[in-house]
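Visitor: Supplied in structure tokens, the structure appears directly below.
The values are calculated or read from the model by the stated rules, or taken from the named source; none is laboratory data. Please read all numbers here as calculations on a predicted model, not as lab measurements. With ideal geometry, Cβ positions are generated from the backbone for all residues, glycine too; neighbour counts draw on all protein chains shown. For the accessible areas, the whole protein counts, side chains as well, though only heavy atoms, and no ligand, DNA or RNA atoms are used. Shrake-Rupley method; radii C 1.70, N 1.55, O 1.52, S 1.80 Å.
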Amino acid sequence: MVKSWLGQAAAIGILTTEFPRRPADPEELPAAARAPGAGPVALASLPPEVRAACPTGAISLTEIDQGKCVRCARCLPAGLVPAPDASANLGSRAGLRWPDGRPPGGTGPAPLAELGPSLHVFLVDVGSCQGCNLEVMGLANPYYDLHRLGMFFTNSPRHADVLVVVGVPTAAMVEPLRRTFEAMPAPKAVLAVGACAIDGGIFAEAPGRAAAVGEIVPVDLYVAGCPPAPVAILEGILALGRRRSRGPAP
Amino acid sequence: MIGGAGLLLLLAIAALFGGAPLALVDRRLGYAATFLGSVLLVIAALAALDAGPFTALSWTGVVGEPEALHLDALSGFFALAAGLVWGATSSYSLAYDTGPGRSLAVAYALTLGAIAVLFSTSDWLLFLAAWETMTLAAYWMILEAVGRPLRIFSAAFVFLAFGEASTILVALAIAGLYDGTGSFAMTSPIAGPMVSVVFVAALVGFGLKMGVAPFHMSEWLPIAHSSAPSNASAVLSSTLTLAGVYGLFRVVALLPDGPSWWGALLLTIGAISALLGALFAAVSEHAKGLPAYSTIENNGLILVALGISLIARSDGLPALAAFALFAAFFQALAHAVTKAALFLFAGDVERSVHTLDLSRTRGGTKAADPVASGAGVLAALSLAAAPPLAGFVSEWMILEALFQSFRFPQAWLQFTGLLAGAVVALAAGLVLVAMVKFVGFAALYRPVRPPNAERPRGLRAPIAGLTVLVAALGVLSPWILTALAPTVSAFEGARTAAPVGSLLAIPSGWSILSGSPSGFFGIISPPALLLAFAIGSLPALAYFALGRRGAERRVPAWSGGRAAPPPSETYTSFGYSTGLRLMLSGFLGTREVRRASSPGVSAEIATPLSYDVDLEVLDVFKSFYDALVRLVLWAAEGTKRAIMPGRIGRYLTYILLTVLVVIVYVAAAFPGP
Amino acid sequence: MSRPGWTEVAAGRPPGSGARSLAYVSPEGDLALWNDHEEHRTLLVRRPELSAEERAVLGNWRAGRSGPAVVSVGEQVHGYGVFTFPYGPVAMGVAEAGGFEVRTYGERILEIEPSVGHKRRGIEEQVVGKTVEDAALWIERRAGPFALSHAAAFRFAAESAAGRPVAERELGVRALGQELQRIYNHLHVLARLAEAASQNVGAAQLNALAESALRALGATFGHRWGFGALVPGAPGRRLDAPDRTDLEARLRRLGSEFEALGETLLGSRTFLDRIQSTGTVSTEDALRWGAVGPTLRASSVAWDDRLRDPTIPYREMFVPVVTERAGDALARVLVRREEVRGSLLLIEQLLDRWPRLGGGEAAPVEAIEPGRGIARGEGPSGDLVYDVRVSEGRIRSVASRTPSQANWPLVALSLRGAVFTDFAFSFESFGASFAETDG
């Protein structure tokens, strides 16, 4: 059996991406997973129907809120263009608000935790569609191979450095999320992944939504997308680990 | 002429028995008397071990036998162990026995007195009388269980039934001894064709009292010992079984070198007892049933050690024989003290949580009373053979003796020894499971109901005292074993020419050696182990004393994001050992019984059907005894119908026939002039 | 009810006593669907009468509507040493916000109740008043891995309510998306099972195949989970010849790797030992509790909604219905494996006749007249039902019965009497999703 496993592995070859050493390609970051930004068009000159068509009200006259955007692509025909790289999906809550539809300059969020580059990650779902869960867990598959970067998923928050939160917090999950964060040893960091975890996404007005993740636990970094592509999530986890060694996150 | 030690012994027996009438006046007075008697007995026993045998009193018995109350190194050893235990149980009883009646104290004093006489008699007839008194007094003691639940009557009856069966066989063994020697004296060695009969009768008779397989009859000993009040349980499980051990050793000491199968039989029975005792202890859910099963295991180990000793002796391996005897004696001493501590502690737990049912507590890491719980943990650790405690030393010695069975000349004996070694090692593992359970659910626990705050304060000092003794016995074992040399000589002396002191198996200095005259086999040093533990734990202690305690943050236990569930809905002690129940279902006869507890129509799912589930374990020997009971009942019924139908004519015929038979016999046996 | 495929019968209970299972009851209780497994048709009954047993089935479908609740299969166990072992809602073994209440005396699961409703977002309430196109954004985000089957069934129901026919090309797009997502889901379930059995090489390869299925979806529809894939005029929905060639090449590679992998994985004794006779669902239980999808087919009931009333493209293509008899986790694995093959075959046939599919693009549904439509579709974990009312181009109400809701009782039953370590093998083999259950 060992022989056949090896034979198959040899036939398949190496699948693992070279990200983050080189930028993500369209295979890894399809157009729909990219952050839409004002390209040649100024936000103010967009026809009002475009703003009205946005299901989450992410586009205003002055800014695009990437945290609210669910990547439904309704605005793209009107002249908005997807951002080129994965890190455009990352930022503090304020950093995801793009004035005039362009990424804000300057530094990222202030570091909250002192974490080294080798991180143990615990996933908590507070009311997702399961898409973000699967994208996060998918980081362990041979294409992304989280382990090559010295990172691992853990089965208990007791062993975790990074809490990845996905979904829109329902009433039933507010306390479990708080308890999970409490159960983690310090130093620790929280990564909110996906539009639901940032500002409710498409479910911002849903009757089942109880709170924003940021109101329950302190969030260090947000990854925008619905769901974000695995490379964007990977970029987010890497950014948390990079803080101490290489300065602030993007 | 009564010497000082003899006077002490007499006073001790008088005080122990005197506790009974004194208890009628005041319960506390009775226990105080037995406490005094125990202390005197310990001093007298030490004198016997140190200065040699002495006689306290001698007289001529009813059948013209010279009778005496005396102690030698062998009986002195057992009296010492018993006295130590009783000192603790008597002072414990002062605080524990708050029941309405005084009869428990009376029965208690009678039991102690009877056992003391049993140890100090030099004559088999008085031995038998003491044996029977002890059984009856113990029966009474069991009946004094708190609240006298209905099941106590059947438990006590089963105890009595096995006790009487034991008496009959002991009487048979004594008859055999008398037949071979023409004397009831305990000093007359026996030879001749009856020796094997005496051996088997003694083994079965005393084995019954020790509760070893197959006479544990699906927990008669655990049920009886655990149903009794806790001070009585401690006396029963530590010293009543010790009386059985003493009787067996006494008889075997008088026997010549027997055939190899004696030893092999002891090994087999001992190993099976150890395994079954350990297994049932591990699945017991009763805070006193668990230690009671462990008693079976420990008595099994004593038999194993004795078995190795007998085989080694008849095969010309005196060093191994002596070493195994040392192991047996040390095991008896260690077990008596430790088990008493555990039972007394269980009584304390019962006072706190109102129950002995382990499923009514939940695992925890906190102790209600650090002193008592610490003592309970230490006693359980000793039984689980944790170094450097007493139980560890005896277990190590027994395994060392078993490992040397390769020295036996016959292959089948080597194989038996090897197999027994494997079984004993397995039992040791299972005992560890049992004791972890005891520690986790009885010593350190979270109560399901709020604990009783008004616990008698006097309970913990005796428990702690016994536990200090357990630790001291372990750490100081090399010197204690040296002091036991006279006991081994007293047992071996009758037939071994070589003085025990010259054997290499004797512990020397700081360590215990096992081996042969040509070289040592194993070595261990409990004091050095203690030293190593102490040094090894220094960094941890220093860390906690000086370390960054400020960085500590306390959070609730992780429970999948839920609030901590109430204790009633967390892991049970039953759950802890269900793995064993399922894995060893063949041994345990595990079966699941389901009973619908609310009427429900299975087709109508809307009415929830609720059912009770019970995972029962069954002793394989139980079915044998059940069959025996059925046979007896069937025979009794048949006898009643066929022979005693209740017709007066039939009975007159029987009388006539009997008279005829007697006349014919007399005419034939005593022919006239 | 313009979409045919079911037989309407009078009020009360459907006649006959053949093998039949309840498929749907509307929230108002005014109509119900029963699957007639012998005749392979669906019976629609107005003003239905439900037996006590069927009401229990219905209660479990609706569990968790207002906060966390348990799915119960009727029996309650007590006994000496029995306690409740809580699992979840935060546990990596489930990897979703959902839990289980396990009654046990240690080691063995005496009874297990899935705890659902933790993720209840209230999607069906929220879409009321929205246009069909807007509502689809919410509906497809109910459960990411099943987005396309939900979006398709919802659209079919809305179109049926509006009395509007669906163009052939549109049917082709929906079929293509659903088959791709079926492949992904089956691969994902197999990967989870291989992970549970510590078949790490196999799990890595299956996870890689699942990722390549996601990438194929992403390349075809622009979105890895198919969100927005069925929106009229969505980018990347027009499959030109180079796109079809690319997709064919991707799937051919996936297929050949899957074949080799399937041989090796199912040749592994350690893997088979863990899933054989684990989590067995009897045919009787499956029918009584209304099991659907691979769960039902693995318990020897041949029911596949794609064949009940085949439309284009299924009508013209070979659709294999896979059944197994044992009803255990292995049977469900075998069914899923065959269905991956079947879906690959279907896509191949579909892409062949793609240029010949007529009808062009679908237009947004803008019904003015009030109408009601019920549509079913065969999702990866089983068939789902959408019941939609529309008027003036707006949604008036949405109700649904999802495969996850239908299969929870079987998850609970299959684990009864199992040891703890069987949990993962049984649970994962059903492919049940808390997100899809809670809505």
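Visitor: Quick one: which of A:Arg102, A:Arg74 is of a type in the set (Lys, Arg) and more than 14 Å from chain C (Cβ to nearest Cβ)?
Guide: Among A:Arg102, A:Arg74, only A:Arg102 is of a type in the set (Lys, Arg) and more than 14 Å from chain C (Cβ to nearest Cβ).
Visitor: Follow-up. Given the residues A:Gly241, A:Gly214, which is the only one that is in contact (Cβ under 8 Å) with a residue 40 or more places away in the chain, in a helix (DSSP H, G or I), away from every other protein chain (no Cβ under 12 Å) and open to solvent by 10 Å² or more (accessible area, probe 1.4 Å)?
Guide: A:Gly214
Visitor: Kindly provide the set of residues from segment C:65-76 that are part of a strand (DSSP E or B) and of a type in the set (Val, Ile, Thr), ordered by number.
Guide: Matches in segment C:65-76: C:Val70 only.
Visitor: Follow-up. Every residue in segment A:117-131 that is open to solvent by less than 20 Å² (accessible area, probe 1.4 Å), in contact with a strand residue (DSSP E or B) (Cβ under 6 Å, 6 or more places away or on another chain) and either more than 7 Å from every other protein chain (Cβ to nearest Cβ) or small (Gly, Ala, Ser) (or both), please.
Guide: A:Leu119, A:Val121, A:Phe122, A:Gly127, A:Ser128
Visitor: Based on this model, can you work out whether A:Gly138 counts as among the small types (Gly, Ala, Ser), open to solvent by 10 Å² or more (accessible area, probe 1.4 Å) and within 14 Å of the chain's Cα centre (by Cα)?
Guide: Yes, satisfied.
Visitor: Also: Please specify each residue of segment C:237-259 satisfying the condition of being under 19 Å from A:Gly7 (Cα atoms) and either among the aromatic types (Phe, Trp, Tyr) or open to solvent by less than 40 Å² (accessible area, probe 1.4 Å) (or both).
Guide: Selection gives C:Leu254, C:Gly255, C:Phe258.
Visitor: Condition first: of a type in the set (A, V, I, L, M) and open to solvent by less than 10 Å² (accessible area, probe 1.4 Å). Now tell me which residues in segment C:35-51 satisfy that.
Guide: Result: C:Leu43, C:Leu44, C:Val45.
Visitor: Restricting to segment C:199-247, and then to whatever is of a type in the set (A, V, I, L, M, F, W, C) and assigned to a loop (DSSP other than H, G, I, E, B), can you tell me which residue is nearest to the other protein chains (Cβ to nearest Cβ)?
Guide: C:Trp225
Visitor: Do the conditions hold for B:Phe587, that is, is it touching a helix residue (DSSP H, G or I) at 6+ places or on another chain (Cβ under 7 Å) and at the interface with chain C (Cβ under 7 Å from one of its Cβ atoms)?
Guide: Here the answer is no, as B:Phe587 does not meet what is asked.
Visitor: Applying the selection to segment C:54-96, what residues are of a type outside the set (Ser, Thr, Tyr), open to solvent by 50 Å² or more (accessible area, probe 1.4 Å), in contact with a helix residue (DSSP H, G or I) (Cβ under 9 Å, 6 or more places away or on another chain) and within 8 Å of another protein chain (Cβ to nearest Cβ)?
Guide: C:Pro68, C:Phe85
Visitor: A further question on this structure: Looking only at segment B:365-388, which residues are within 25 Å of B:Gly458 (Cα to Cα) and assigned to a loop (DSSP other than H, G, I, E, B)?
Guide: Residues satisfying the conditions are B:Thr365, B:Lys366, B:Ala367, B:Ala368, B:Asp369.
Visitor: Follow-up question, since we're still on this one. Does A:Arg102 count as within 20 Å of A:Ala33 (Cα to Cα), surrounded by fewer than 23 Cβ atoms within 10 Å (Cβ to Cβ) and not β-branched (Val, Ile, Thr)?
Guide: yes
Visitor: Across segment B:212-244, what is the total count of residues that are at pLDDT 70 or above, open to solvent by 10 Å² or more (accessible area, probe 1.4 Å) and of a type in the set (Val, Ile, Thr)?
Guide: Final tally of qualifying residues: 0.
Visitor: Do we have C:Leu251 as touching a His at 6+ places or on another chain (Cβ under 9 Å) and part of a helix (DSSP H, G or I) here?
Guide: Here the answer is no, as C:Leu251 does not meet what is asked.
Visitor: Moving on. Can you list the strands (runs of 3 or more DSSP E) lying wholly within segment A:8-82 that have 2 or more residues being assigned by TED's automatic domain parsing to the domain that holds A:Leu139 and surrounded by 18 or more Cβ atoms within 10 Å (Cβ to Cβ)?
Guide: The strands (runs of 3 or more DSSP E) meeting that bar number zero.
Visitor: Taking the condition of being open to solvent by 70 Å² or more (accessible area, probe 1.4 Å) and farther than 21 Å from B:Ala443 by Cβ, how many residues in segment B:565-589 meet it?
Guide: Of the residues in that region, 3 qualify.
Visitor: Being over 11 Å from the mean Cα position of the chain (by Cα), facing another protein chain (nearest Cβ under 10 Å) and either free of Cβ contacts under 8 Å to residues at least 40 places away in the same chain or closer than 25 Å to C:Ala135 by Cα (or both): is that true of A:Pro227 here?
Guide: Here the answer is no, as A:Pro227 does not meet what is asked.
Visitor: Quick one: what pairs do we get from segment B:565-580, first residue within 7 Å of chain C (Cβ to nearest Cβ) and charged (D, E, K, R), second open to solvent by less than 20 Å² (accessible area, probe 1.4 Å) and not in a helix (DSSP H, G or I), C-beta under 6 Å, 6+ apart or different chains?
Guide: B:Glu569/C:Phe83
Visitor: When you check A:Val162 against the structure, is it touching a helix residue (DSSP H, G or I) at 6+ places or on another chain (Cβ under 7 Å) and more than 14 Å from chain B (Cβ to nearest Cβ), yes or no?
Guide: yes
Visitor: Looking at this structure, is C:Glu338 among the acidic types (Asp, Glu), assigned to a helix (DSSP H, G or I), open to solvent by 10 Å² or more (accessible area, probe 1.4 Å) and touching a Lys or Arg at 6+ places or on another chain (Cβ under 6 Å)?
Guide: So C:Glu338 fails the test.
Visitor: Where residues in segment B:590-619 are surrounded by 15 or more Cβ atoms within 10 Å (Cβ to Cβ) and modelled with pLDDT of 80 or more, which of them is nearest to the other protein chains (Cβ to nearest Cβ)?
Guide: B:Glu592
Visitor: Could you identify the single residue in C:Ser433, C:Ser397 that is of a type in the set (Gly, Ala, Ser) and either closer than 30 Å to C:Ile275 by Cα or within 14 Å of chain A (Cβ to nearest Cβ) (or both)?
Guide: So the residue among C:Ser433, C:Ser397 that is of a type in the set (Gly, Ala, Ser) and either closer than 30 Å to C:Ile275 by Cα or within 14 Å of chain A (Cβ to nearest Cβ) (or both) is C:Ser433.
Visitor: Scan segment C:41-56 residue by residue and report those that are under 20 Å from the mean Cα position of the chain (by Cα) and more than 18 Å from C:Ala406 (Cβ to Cβ).
Guide: Passing the criteria: only C:Arg41.
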